[in-house]
Amino acid sequence: MNQPSDKSVQAAAVDFARGLVPLMQAALRSELLGAYIIGSLAHGGFSRRYSDVDIALITEAGLSPEMLDRVRREAAVLSPDWGPKLSIFWTNRHFSLGRFPPLDRIDYLDHAVVLMERERLRPVRPALEDVRRYLQGAPFVNWTDLVRRFSTLETLEPKDRKAYLRTILYPARFCFSWITGRMGSNDEAVALLKAHPAQFDVSLITRALQCRQADADPDFLFPERTKLPFQVEACATLLSELPLPAER
């Protein structure tokens, strides 16, 4: 469960997100169709230390790299604390370009908190097979690369603590979305994993969740890094048990 102080932390993050709206409106003008909070700040489980502030921007024609850089710079000026945590998801009105993967579209459809909105646009909801196809691609490859890296390190540097904790927690998030086709909180994901008869080290993942909830250092979990390759094997088993539907 979240600590009572988490409410004030979450409120501060939401205030930061709302403070971005005039900056984004000044930069994008009539191009901006909507700005929304997504991610853990919207669907639950937000952590001051470990969460990003995820903002979804929908525009007429997308965002240029220069405009993205401008928004990020102005966010850092607005709040040196929250600005570096800003993560921007963006697309055009047709959801045909930009950075807006299937799970984040689902998060937008199910949980988005409106910051400003000129027009409510609703993309086609990704089907379960779309989610699974996405998960077994870059997300799975990137996670296995992190597992390979962390499982062979001799020490955990402070700059790697966030990535290491996410690497331990990822199997729960992966399984939750693979099974349900939805985006949920870490708490929901770990609860589902406990109920799913797979070959995961659920104790390790549960301790990582407790570490995240306490905003604590994950150094005490670093000796467990040798277990991470077995978590990859467990995910691979899940992929074989619940495969993609056959191509039509």
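What's the extension gain from ARG72 to MET116 if we count 0.36 nm per residue and subtract their Cα-Cα distance?
14.0 nm
I need the Debye-formula profile for the chain: one equal scatterer per C-alpha, no solvent, reported as log10 I(q)/I(0) at q = 0.09 1/Å, two decimals.
Listed by q, the Debye log ratios stand at -0.42.
Could you state the number of Å between the C-alpha centres of the stretch 145-210 and the stretch 47-110?
For the stretch 47-110 versus the stretch 145-210, the Cα centre distance is 24 Å.
Can you work out ³J(HN,Hα) from phi for every residue in the stretch 60-69, in order, using Karplus 6.51 cos²θ - 1.76 cosθ + 1.60 and θ = phi - 60°, giving whole Hz and x for Gly and Pro?
Result, ordered by residue: 4, 10, x, 10, 7, x, 5, 5, 4, 4 Hz.
Please compute the Kirkwood hydrodynamic radius over the stretch 51-165, one decimal place, Å, based on all pairs of different Cα atoms.
16.5 Å
Output wanted: per-residue J couplings in Hz (rounded whole) for the stretch 222-238, from phi through Karplus 6.51 cos²θ - 1.76 cosθ + 1.60, θ = phi - 60°, x for Gly and Pro.
Karplus values, whole Hz, x for Gly and Pro: 5, x, 7, 4, 5, 7, 4, x, 5, 5, 4, 4, 5, 5, 4, 5, 4.
Say a site is exposed when it is one of the GluC sites (Glu not before Pro), sits in a DSSP loop, and has at most 15 other Cβ atoms within 10 Å; what is then the longest site-free stretch of the chain? Don't jump to the answer; show the numbers that get you there.
Values: sites that count: GLU60, GLU119, GLU154, GLU247.
It works out to 155-246.
Using 0.36 nm per residue of separation minus the Cα-Cα distance, give me the extension gain between THR237 and ASP6 in nm, one decimal.
Separation in residues times 0.36 nm, less the Cα-Cα distance, equals 79.5 nm.
Report the net charge of residues surrounding ASN142, where surrounding means a beta-carbon distance below 14 angstrom and charges are Lys +1, Arg +1, Asp -1, Glu -1.
+3
The stretch 121-206: percent of C-alpha pairs farther apart than 16 Å?
Tail of P(r) above 16 Å: 59 percent of Cα pairs.
Using r as the Cβ-Cβ distance of ALA198 and GLU154, and R0 as 41 Å, what FRET efficiency do you calculate, to the nearest 0.05? Working shown, then result.
Numbers: r = 30 Å, r/R0 = 0.73.
It comes to 0.85.
For the chain, what relative contact order do you get, as a whole percent, if you take Cα pairs closer than 8 Å and at least 6 residues apart?
19 percent
Could you derive backbone 3J(HN,Hα) for the stretch 23-33 from the dihedral phi with the Karplus parameters 6.51, -1.76 and 1.60 (θ = phi - 60°), listing whole Hz in sequence and x where the residue is Gly or Pro?
Couplings: 5, 5, 5, 5, 6, 9, 6, 6, 5, 7, 9 Hz.
So what is the relative contact order for the stretch 128-241, in percent, with contacts set as C-alpha pairs under 8 Å and at least six apart?
About 33 percent, as a whole number.
Given a Förster radius of 45 Å and the C-beta distance between ASP217 and ALA27 as r, what FRET efficiency does 1/(1 + (r/R0)^6) yield to the nearest 0.05?
Calculated transfer efficiency: 0.75.
What does the charge dipole of the chain about its Cα centre add up to, to the nearest 20 debye, if the Cβ of each Lys and Arg holds +1 and the Cβ of each Asp and Glu holds -1?
200 debye
Among bridges DSSP assigns within the chain, what percent are antiparallel (round to 5)?
Counting only bridges with both partners in the chain, antiparallel ones make up about 60 percent.
State the answer as a single residue: which of GLY34, TRP82, GLY44 lies farthest towards the positive end of the charge dipole of the chain, with beta carbon charges of +1 for Lys and Arg and -1 for Asp and Glu, about the Cα centre.
So the residue we want is GLY34.
Under 9 Å from the Cβ of GLY45, count the other residues' Cβ atoms, weight Lys and Arg +1, Asp and Glu -1, and hand me the total. Don't skip to the end; give the middle numbers.
On the way: positive: ARG212; negative: ASP187, GLU188.
Here the charged neighbours net out to -1.
Once you put a point 7 Å from the Cα of PHE95 and another 7 Å from the Cα of ALA127, both along the Cβ direction, what distance in nm separates them?
So the label points at PHE95 and ALA127 sit 1.5 nm apart.
Taking amide H positions as placed 1.01 Å from N in the peptide plane, with prolines and chain starts having none, which residues 5 or more places from LEU86, or on another chain, fall under 5 Å of its amide H?
Excluding prolines and chain starts, which carry no amide H, the hits are VAL53.
Counting pairs on different chains as well as pairs 8 or more places apart, how many Lys pairs in the chain have Cα atoms under 28 Å apart?
10
Just flag the trypsin sites (Lys or Arg not before Pro) in the stretch 1-109 sitting in loop per DSSP whose Cβ has no more than 16 other Cβ atoms within 10 Å. Walk me through the numbers before you get to the answer.
Values: sites: LYS7, ARG18, ARG29, ARG48, ARG49, ARG70, ARG72, ARG73, LYS85, ARG93, ARG99, ARG105; in loops: ARG48, ARG49, ARG93.
Filter output for the stretch 1-109: ARG48, ARG49, ARG93.
How compact and how long is the stretch 6-117, expressed as Rg and Dmax of its alpha-carbon atoms in Å?
Over the stretch 6-117's Cα set, Rg and Dmax evaluate to 13.0, 37 Å.
Measure of size requested: the Rg and Dmax of the stretch 1-71, with Cα atoms as the atom set and Å as the unit; please supply both.
13.8, 41
For LEU33, what residues show an amide H to amide H distance below 5 Å, using hydrogens built from the backbone and excluding near sequence neighbours?
Under 5 Å from the amide H of LEU33 lie the amide H atoms of ILE58, THR59, GLU60, each far enough along the sequence or on another chain.
Just so you know, all these numbers are worked out from the coordinates, no wet-lab data involved. Here the structure is a predicted model, which means the values were calculated and not measured. Glycine gets a Cβ as well: all are built from the backbone with ideal geometry, and neighbour counts include every protein chain shown.
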